Amino acid sequence: MGYILAIDQGTTGSTVLVVDVRSRGEVKVIGRDTIEFPQHFPETGWVEHDLEDIWQSVETAAKRALTTAATLDRDFRVEKIAAIGITNQRETLCAFDRASAAARSRAIVWQCKRSTDICQRLKADGLEKTFRERTGLVLDPYFSGTKITWLMENRPELAREIASGRTVLGTVDTFLVARLTGGKSFVTEPSNASRTLAFDIRKGTWDEELLRTLKIPSVDALAEVRDSASKFGVTKGLSFLPDGVPITGVLGDQQAALAGQTCFEPGEAKCTYGTGAFLLANLGNEPKSSRAGLLTTIAWSLGGKRTYAFEGAAFIAGAAVQFLRDQLQLLDRASESEALATGVQAAPEVYFVPALAGLGAPHWDPRAQGAFLGLTRGTTKAQMVRAVLDGIAFQVADLTDAIAADLGQPLKILRVDGGASANGLLMKSQAEFASVIVDQPTQLETTALGAALFAAMGAGIFSGIDELKKLRKVDQLFSTSNSADERRRVETQRAGWRRAIHAVQVFAGTAT
């Protein structure tokens, strides 16, 4: 029974892994599939997903991954799946029927900016400090709480259904567990709950006062919160798994990557380069407040004991390369970016600010927009591609600076994962701009791996964190030069980046 089905439900697609954990010294992926699904942009700044598209992508990816596993491993059978682990896009809001788990509206995606004015209203009412102290978050449309407020104010029929208890609200993990269990389980866990603006991260409970402020009619509209490695329910009525398979591990995607990178000690940090770039640093069992524009979030809860993390989010990372490919058509394939940009310099002449969904930490400017700066008649396509890769690395360097300021010491090692971390040029630039050793593991899909490891713990296959620490293996390291000339060059490039950030904020009318 040493196989785990790991579901990684992301912003643009769903990945399912079949993970062999029979050998205690290593984990092996024996089946994998990814299914993309459509993005919906009904108005400027709005981003939506169809929950049925999400579910169908999970179902199809699971069937294909299980088929691959059966082909590659003669010992494997579907009946040998011991447990399911789930990791998910965190702040996306789902509204669905309590009894059937049928979607009641499109999901409002974490990138959606429709609740910007609500956030401004709450700030004007002097509530930002209260939210910050209790939730560790800032008032930004990124988080699901103000998306709920928007629904309650703008969808009166749905608001009535929520008030009556017929329709419930949750993050994507809650929706998936409900579907997997045939509507029997309505649950979440702290790493997801802590992204709602309604969860007190120190008490580990929904906050009744914040619920009223956000116009959430009752705590019953929100899911029961359980430990991150515990029993969330069992499968029922699925086309790809038998009934009775337990769901034993759930983590939000960035916390799952922190676990998959085995960052279990305070000060250990990782950055995931996916649609956005998300840097988390383990804080241990005591939450700390950031003075540098970072979030304080719950990493996970085990045995009722919460572990915390600092988090910095850049909303656009790998999506910037997709933007080059799909909107600007400067690339045929995203994988071409490294070869095209190698040997070409952009900064300090040409910059790209990837504020295509606003600026995240440490700037927190939802009104900012993306821009190329410094273009001339001599600018080449290769320079523009290099500027995009540099822009991703500059954003993360800002985050490492903020983490260092809050921890009181610089990061020495940054563990990396996610699709864009396979770009060697980007990782080399990252090491230079952030003055840090970039540590790339053999397994880049650490998000799904983290969900699998927590599910294995929840199922009793692994005894605890200490056993998981031994599983990570390093593939390669990227380091920075300590020469004086190199440091001067990087300082000049980063000074130009700061001017570029200021320029887009001037254009947005938000510069200070």
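In deg cm²/dmol, rounded to 500, what helix-only [θ] at 222 nm does the chain give when every DSSP H run of at least 4 residues adds -39500 (n - 2.57) and the total is split over its residues?
Numbers: 16 runs with 181 residues, N = 512.
Result for the chain: -11000 deg cm²/dmol, rounded to the nearest 500.
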Theoretical FRET efficiency, 1/(1+(r/R0)^6), r = Cβ-Cβ of Glu153 and Asn285, R0 41 Å, to 0.05
0.60
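When the Kirkwood radius is taken over all Cα pairs of segment 238-349, what Stokes-Einstein diffusion coefficient follows at 20 °C and 1.002 mPa s, in µm²/s? Don't skip to the end; give the middle numbers.
Working: Rh = 17.0 Å.
Here the translational diffusion coefficient equals 126 µm²/s.
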Residues of type lysines that Lys470 reaches as a straight line, Cα spacing below 23 Å, ignoring anything fewer than 8 places off in the same chain
Lys28, Lys270, Lys305, Lys412
Net charge around Arg90, counting only other residues with Cβ within less than 9 Å of its Cβ (Lys, Arg = +1; Asp, Glu = -1)?
-2
Rounded to the nearest whole number, the per residue volume of the convex hull around the C-alpha atoms of segment 320-399 in Å³ is 95
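Rounded to the nearest 20 debye, what is the charge dipole size of the chain about its Cα centre when +1 sits on each Lys and Arg Cβ and -1 on each Asp and Glu Cβ? Walk me through the intermediate numbers first.
Numbers: 58 positive and 59 negative charges, 56 e Å.
Here the chain has a charge dipole of around 260 debye.
Add +1 for every Lys or Arg and -1 for every Asp or Glu among the other residues with Cβ under 14 Å from the Cβ of Ala193, and state the total.
Values: positive: Arg90, Arg134, Arg195, Arg202, Lys203, Arg226, Arg306; negative: Glu91, Asp173, Glu189, Asp200, Asp207, Glu224, Asp227.
Value of the local net charge: 0.
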Please compute the modelled spin-label separation between Ala70 and Phe507, points set 7 Å along Cα→Cβ, answer in nm with one decimal.
5.3
On the formula 1/(1 + (r/R0)^6), with r taken between the Cβ atoms of Gln322 and Arg77 and R0 of 30 Å, the FRET efficiency rounded to 0.05 is 0.20
Based on the mean of other beta carbon atoms within 10 Å per residue, what is the order of 315-327, 260-272, 231-243, most packed first?
260-272, 315-327, 231-243
Ranked output for segments 50-63, 463-476 by mean other Cβ atoms within 10 Å, highest leading, reads 50-63, 463-476
Can you work out the FRET efficiency for the pair Ser483 and Ser23, with r the C-beta to C-beta distance and R0 = 41 Å, to the nearest 0.05?
0.40
Label point at Glu209 placed 7 Å out along Cα→Cβ; residues across segment 116-131 whose backbone nitrogen lies under 18 Å:
122-131
Alpha carbon convex hull of the chain, volume per residue in cubic angstrom
136
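What ranking do 288-297, 247-256 get when scored by the average of other Cβ atoms within 10 Å per residue, highest first?
Values: 288-297: 18.6, 247-256: 30.9.
In decreasing order of mean packing, 288-297, 247-256 become 247-256, 288-297.
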Tell me, Kirkwood radius of segment 75-169 from alpha-carbon pair distances, in Å?
15.4
So for the chain, taking the charge dipole from beta-carbon charges (+1 Lys/Arg, -1 Asp/Glu), which of Leu375, Leu214, Val506 sits furthest toward the positive end?
Leu214
What share of the DSSP beta bridges in the chain is antiparallel, in percent to the nearest 5?
70
For Lys184, go through the lysines and keep the ones whose alpha-carbon is under 24 Å away, minus same-chain ones fewer than eight residues off.
Lys63, Lys80, Lys231, Lys236
Within 14 Å, Cβ to Cβ, of Thr15, how many net charges do the neighbouring residues add up to if Lys/Arg are +1 and Asp/Glu are -1?
-4
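Coordinate-derived values only; no laboratory data. Please read these numbers as outputs of a predicted model, since none were measured by experiment. Note that each Cβ is placed from the backbone with ideal geometry, even for glycine, and that neighbours are counted across all protein chains shown.
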